[in-house]
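Heads up: the structure comes next, in structure tokens.
Coordinate-derived values only; no laboratory data. Since we're looking at a predicted model, the values are computed, not measured. Cβ: placed from backbone, ideal geometry, glycine included. Neighbour counts: every protein chain shown.
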Amino acid sequence: MKRRIAGIVLVALSVGALGFWELWGRENITYDKVLVLKEASPKNTLISADMLRVKKVDKAGEGAVMAGEQAKIEGLETTQFIPAGTELYSEYFQESIFSVGEEQGKYILSIPAQWLSAFPQTLRRGDRAFFYCAGEPVTDAIVAYVRDGTNQEVRYGDDERLTSSSNVSLIEVVVDEKQAALLGKLANKGNKFVLLYY
């Protein structure tokens, strides 16, 4: 009788231990904790702490950004589209091309509509815009904002930019003092610019 009870207890303990391992132990003891994005993010998205979450994976890839290493990527921007829940690597990020301020010597310049004779309606944030005046290249700048008539960012439904949320009405670019002075001087003389991008 005692052997039977001992056998039942051993079986119950074995099943309990196996269930504990499968339901909690394996994931919490042997899995790696990596950082992932909560939502899919397009290229040139600035990363903040609230965009990140921890995900447990069987084995983290070499160089993956682990839980607790948020500081490695906070304040950086994405160099490519990153799907939600994808393991993150430092190579997916770079210093922001939108950084402005006295330390960087870069500023946001709003391009008045009267300065432009033509610009593509498919222009969007992160593009490098080339300014042409009288058929000659003048300068180039990173597009910081592309807004519609209600001051909302113009967004595209696909990477090919075949569908957009609205028409472009306002363009703002990142420039240094020299670029701002050059564009202003040319515009004050009555010149208009054609914008191109790639």
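Numbers at a glance
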read-out: FRET efficiency for S90 and Y197, using Cβ-Cβ distance with R0 set to 35 Å, rounded to 0.05; value: 0.80
read-out: Residue-wise HN-Hα coupling along the range 172-179, computed from phi with Karplus coefficients 6.51, -1.76, 1.60 (Hz; x: Gly, Pro); value: 10, 10, 8, 9, 9, 4, 5, 5
read-out: ³J(HN,Hα), Karplus 6.51/-1.76/1.60, whole Hz, each residue of the range 121-133, x for Gly, Pro; value: 6, 9, 4, 8, 3, x, 5, 9, 8, 10, 8, 10, 10
read-out: Percent breakdown of C-alpha pair distances by 10 Å bin, ordered from the shortest bin, for the range 54-196; value: 10, 32, 29, 18, 8, 2, 0
read-out: Amide H contacts under 5 Å for I82, placed H, 5+ residues apart; value: S41
read-out: Cut-off under 5 Å, modelled amide H: who pairs with Y197 long-range; value: F130
read-out: Ordering of 76-87, 159-170 by burial proxy (mean other Cβ atoms within 10 Å per residue, highest first); value: 76-87, 159-170
read-out: Burial order of peptide ranges 179-190, 94-105 (average beta-carbon count within 10 Å, highest first); value: 179-190, 94-105
read-out: Amide H within-cut-off set for A67, under 5 Å, with H built and near neighbours excluded; value: K33, V34, L35
read-out: √(5λ) per eigenvalue of the Cα gyration tensor, the range 110-170, largest first, Å; value: 21, 13, 10
read-out: Rg/Rg_ref, the range 48-138, where Rg_ref = 2.2 N^0.38 Å and atoms are Cα; value: 1.54
read-out: Estimated distance in nm for a label pair at V100 and V138, the labels positioned 7 Å out from Cα along Cα-to-Cβ; value: 1.8 nm
read-out: Hz values of 3J(HN,Hα) by residue in the range 76-82 - Karplus curve (6.51, -1.76, 1.60), Gly and Pro given as x; value: 8, 10, 6, 9, 7, 5, 10
read-out: Among 118-124, 66-72, the order from most to least packed when residues are scored by Cβ within 10 Å on average; value: 118-124, 66-72
read-out: Under 30 Å from the Cα of K33 - lysines, other chains or at least 8 residues apart; value: K43, K55, K56, K59, K72
read-out: Candidate lysines - alpha carbon under 21 Å from K178, same-chain residues fewer than 8 apart omitted; value: K106, K189, K192
